[in-house]
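Have a look at the structure below, then the notes.
Read the figures in this text as sums done on the coordinates, not as results from a lab. Keep in mind that what you see is a predicted model, and the values were worked out from it rather than measured. Cβ placement follows ideal geometry from the backbone for every residue including glycine, while neighbour counts extend to all protein chains displayed.
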Amino acid sequence: MDFCSRNHLSKLDEVLFDLYCDNMEVILQSNNIVEICFAKSLLSSEGIEFFVFDDNMSFLEGSINAFPIRLMVLSNYFAEAQGILSENEIISL
């Protein structure tokens, strides 16, 4: 699956895509907003920069779960971020 696709990107997401896509990895993909918020809080508290993709699309589509929210980190922080999420029982990709 190509996680760096321009489908359904907002203008801000397009800018992030152009700047970072080659150096980013999806750490979490979920429709559970509570899980996404918890993961964002954990990563933020550890100083790991993250980017959220498809959150607007996910909210607009309602509750059919067609467009999961993607939480992405820079590749050099992927292992550390994955460890943090695993320690807190969040299953990452």
Exercise for the section: Apply the Karplus parameterisation 6.51 cos²θ - 1.76 cosθ + 1.60, with θ equal to phi minus 60°, to every residue of segment 36-48 and state each ³J(HN,Hα) to the nearest whole Hz, in sequence, with x for glycine and proline. Expected result: 4, 4, 5, 5, 4, 5, 4, 5, 4, 5, 9, x, 9
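Can you give the net charge of the other residues whose Cβ lies under 9 Å from the Cβ of Asp54, counting K and R as +1 and D and E as -1?
Residues close to Asp54 contribute a combined charge of -1.
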Completion exercise
Simple spin-label estimate for Glu87/Ser10, 7 Å along Cα→Cβ, in nm, reads 3.0
Handout entry: Environment charge of Ser75, counting only residues whose C-beta is closer than 9 Å and scoring Lys/Arg +1, Asp/Glu -1
Key = -2
Exercise for the section: Would you please give the residues with an amide H less than 5 Å from that of Asn31, counting only those at least 5 places away or on a separate chain, with H modeled from the backbone geometry? Expected result: Ile69
Completion exercise
Ranked on Cβ counts within 10 Å of their own Cβ, fewest leading, Val34, Val26, Val73 go Val34, Val26, Val73
Exercise for the section: Note down the net charge around Glu87, summing +1 for each Lys or Arg and -1 for each Asp or Glu among other residues with Cβ under 13 Å from its Cβ. Expected result: -3
